[in-house]
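What follows is a single structure, written as structure tokens, with notes after it.
The values are calculated or read from the model by the stated rules, or taken from the named source; none is laboratory data. Since we're looking at a predicted model, the values are computed, not measured. We place every Cβ from the backbone using ideal geometry, glycine too, and count neighbours over all the protein chains shown. Side chains are part of the model used for accessible areas, which takes the heavy atoms of the whole protein and leaves out ligands, DNA and RNA. Shrake-Rupley method; radii C 1.70, N 1.55, O 1.52, S 1.80 Å.
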Amino acid sequence: MTTTDGFQAYRYHMRQPALHVRDAFELTGSPELAHIDLWLSDYFRITGLNLPSAGSGEDAARANAIAITARALTLYGELARASGLPSFDPGRVLRVAIGDAGRVDITVALPIVENLHDAIFARLFHDALQLVLGPLSLAPSPETASTLLLRIENELASKLRETTDLTSTTVTLSDFAYRSGVPFRHLGGGTMLYGWGARAQIMHSSTGLADSVVGNRISGNKFEAARFMRAAGLPVPEHMLVQTREQALRAAETIGWPVVVKPIDRERSEGVTAFIDNEADFLAAFDYAREWGEAALVEKHIHGASYRILVANGQVNYVVERIPKCVIGNGQDTVAQLAARGDAAREKLPPWKRLMPFPIDDLARQCLARDGLTPDSVPAEGQRAWLRPIFSNAWGGDVAEVTDQLHPENVQLACEVTRLFGLSIAGVDMITPDLTRPWYENGAVINEINTRPQINSSLREHRLMQFWPLMLGGDGRIPVHLIVGTGDLVGAARDRRNDLGASRHYLTTADRTERPDGLPLVLGADTLFDRAIALILRRDVRALVLAGSLDEIVRRGLPVDGIDSLRTVGLDGAEADDAQRRIRALIPVVEREPAEA
């Protein structure tokens, strides 16, 4: 198993950079494609499978090898995403060679994530290939699937997730960038470039490069954030900062029961206890909050539902109600039976796709008791039996997408909060008894503002398809024009820039870069590829003209997944035709002139 090159460039019309990888396997007889496909669809839960079928006749061996390789590529993508890597392009089977005794040599183009070691992706593909040839070729059963999937999670996916700074939010946002036609590139350390040049956004998880450092700092302390919002005339809960049990009890008595206790600087509802109405539970909650820091907040409990409002570039992208962990009655089964059924359904998913379990423990019994229930009670049809007091990442829960119900005054409030903190993206948490009414009519409050909101797509895919248009005002692309040939490439690039409109086009070859006004731009890069990357990272670059030799571009590739036009220079008719053919085989050429860009 060896990689054929270390270049991380776009090829074969793929929407992600491609890495050539060679591998080999033995294949005798007809592969058990039906078993493999059942594993992929029913146990790995991969949807939309459209894979080549087995062959027959003289070309059977080759067709079977292609079918196996295509399934390995499909599984590779799933393993990559399970490992926290944003890989969405299906990849390509480039070469299949049938040798003696059933030996098959293959070359594939793997979609990869830039600035990570090539060996990660080559190994992932090799593991996927071995799984397809081995365990997945056997008829699956729930027992064998559970064992295999848990082994993949423990020995592969979870370990790889720990080695990178890429987050689940990065995977989600990159997924919707891919679906929306927005180019994205990993710059290293989990930082991503979405779009190019003047239309781009640089982000780490859900934090933007332009987000206020001061706003991030204030929001990281719940007490300071609430004081800041209160000073700006925005609704926040009444609360008091405490450090000792005695201070905490006095605060609870002053505020009045029920109360909430929380650490001052934790995210994802860590250390939070809600709806406390007695001293014993309160002191336990205070001690729990103090495990996360030296101080805690005692806060008035606000009656109402909790909503997460995602604001992107000054506009509301989506709103979800955050529903605490519960089971829903059917009028026949007990709470314990419903929880067991939920856990059984959960176990049918791969570990990396599972939600949190349905607990029946002391805390669940306390939550049930508030509604006069026990684990042995039979909830009525549609009745929610609460197992946790609040929605949190640690406990899980459910969500309901309610964006269209948000009153315009509440839209304005969420956007005002985000502007106050100087953020391009924020998760604004509102508690209100009625989302459809203005906040000032029913005592609604801003519970928190999250400067690094976790974003996932559950029940809000159609909303997230609008995330990047909101952030970028489109697909984030700038016009990129390419010249291929020999001779005076700088002169040819200048002529092309003048044809296109010199007022906005930067140009570059492998050894010279110019601004739109013709003045040189000195860069510490000595290849066309590296200079092009430097330019798409600049916020003042609105359009590009690239010029290089055919050999350099074919060998090294380009850091863009498509170009607006392709011209040749210094090549005769046959050479020019060959250059056009070879470049167009690598990346799409849309032949779009500036008036249409």
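Scanning residues 5 or more positions from Glu238 or on other chains, those with amide H under 5 Å from its amide H are Lys300, with H placed 1.01 Å from N in the peptide plane.
Please state the relative contact order of the chain as a whole percent: Cα pairs under 8 Å, 6+ residues apart? Result for the chain is 15 percent.
Rg and Dmax, both from the Cα atoms of the stretch 1-160 and both in Å, are 15.1, 44. How would you classify the stretch 142-198 from its alpha-carbon gyration tensor, with a ≥ b ≥ c the square roots of the eigenvalues: rounded for a/c under 1.5, else prolate if a/b is greater than b/c, otherwise oblate? Because a/c hits 1.5 or more and a/b fails to exceed b/c, the stretch 142-198 counts as oblate. Phi angles of the stretch 374-379 translate, via the Karplus equation with coefficients 6.51, -1.76, 1.60 and θ = phi - 60°, into HN-Hα couplings of 9, x, 8, 6, 10, x Hz per residue; Gly and Pro are given as x. Working ranking of peptides 446-456, 228-238 by packing, defined as the average number of other Cβ atoms within 10 Å per residue, highest first, is 446-456, 228-238. Could you tell me which of rounded, prolate or oblate describes the stretch 445-597, using a ≥ b ≥ c as the square roots of the eigenvalues of the alpha-carbon gyration tensor, with rounded for a/c under 1.5 and, failing that, prolate when a/b is larger than b/c and oblate otherwise? It is prolate, given that a/c is not under 1.5 and a/b is the larger ratio. Charge dipole of the stretch 464-597 (Cα centre as origin; +1 on each Lys and Arg Cβ, -1 on each Asp and Glu Cβ, all else neutral): 420 debye, rounded to the nearest 20. Ranked by the mean number of other Cβ atoms within 10 Å of their residues, highest first, the peptides 393-402, 410-419 fall in the order 410-419, 393-402.
Once you order the gyration tensor axes a ≥ b ≥ c over the Cα atoms, which shape class does the stretch 220-350 get: rounded for a/c under 1.5, otherwise prolate or oblate by comparing a/b with b/c?
In terms of gyration-tensor shape, oblate.
Taking the square roots of 5 times each eigenvalue of the Cα gyration tensor of the stretch 255-315, largest first, gives ellipsoid semi-axes of 24, 16, 8 Å.
The value obtained for the stretch 405-466, namely the Cα convex hull volume divided by the number of residues, is 101 Å³ per residue.
Pairs of Lys residues in the chain, spaced 8 or more positions apart or belonging to different chains, with C-alpha separations under 21 angstrom: 7 in total. Computed over neighbours whose Cβ is under 13 Å from that of Pro433, the net charge equals -2, Lys and Arg +1, Asp and Glu -1. Amide H to amide H, with H built 1.01 Å from N, Leu187 comes under 5 Å of Met192, Leu193, counting only residues 5 or more places away or on other chains. Summing Lys, Arg as +1 and Asp, Glu as -1, what charge do residues with Cβ under 14 Å from the Cβ of Ala345 carry, Ala345 excluded? Result for the neighbourhood of Ala345: +1. In the chain, a dipole from Cβ-located charges (positive for Lys and Arg, negative for Asp and Glu) runs towards its positive end, and of Ala295, Ala280, Cys326 it is Ala295 whose Cα lies farthest in that direction.
Within the stretch 482-595, antiparallel bridges make up roughly 20 percent of the DSSP beta bridges whose residues both belong there. Taking only Cα atoms, what is the 0 to 90° angle, nearest 10, from helix 222-231's long axis to the longest principal axis of the chain? For 222-231 against the chain, the angle is about 80 degrees. From the residues His35, Leu435, His13, which one has its Cα farthest along the dipole of the chain in the positive direction, the dipole being from +1 and -1 charges on Cβ of Lys/Arg and Asp/Glu about the Cα centre? Positive-most Cα among the choices belongs to His13. Modelled label positions at Leu363 and Gln332, each set 7 Å beyond Cα in the direction of Cβ, lie 3.2 nm from each other. Taking the 1.4 Å solvent-accessible surface of the chain as the whole, the part contributed by carbon and sulfur is 49%. Neighbours of Ser457, meaning other residues whose beta-carbon lies under 14 angstrom from its beta-carbon, give a summed charge of +3 when Lys and Arg score +1 and Asp and Glu score -1. Within the stretch 215-289, the percentage of alpha carbon pairs spaced more than 20 angstrom apart rounds to 31%. Diffusion of the stretch 375-446 by Stokes-Einstein, at 37 °C in a medium of 0.692 mPa s and with Rh set to the Kirkwood radius over alpha-carbon pairs, works out to 222 µm²/s. About its Cα centre, the stretch 310-432 has a charge dipole of approximately 360 debye under the convention of +1 per Lys or Arg Cβ and -1 per Asp or Glu Cβ, with nothing else charged. For the stretch 136-238, the pair-distance distribution built from all alpha carbon pairs, in bins 5 Å wide starting at 0, is 2, 10, 13, 12, 11, 12, 13, 11, 6, 4, 3, 1, 0, 0 percent. Computed packing ranks the peptides 197-203, 114-120 as 197-203, 114-120, most packed first, by mean other Cβ atoms within 10 Å.
Backbone amide hydrogens, once placed in the peptide plane, bring Gly485 within less than 5 Å of Gly548, Ser549, Leu550, Val569, excluding anything fewer than 5 places away on its chain.
Find the Cα radius of gyration of the chain, compare it with 2.2 N^0.38 Å by division, and give the number to two decimals.
1.13
Computed about the Cα centre, the dipole magnitude for the chain is approximately 780 debye when only Lys and Arg (+1) and Asp and Glu (-1) carry charge, each at its Cβ.
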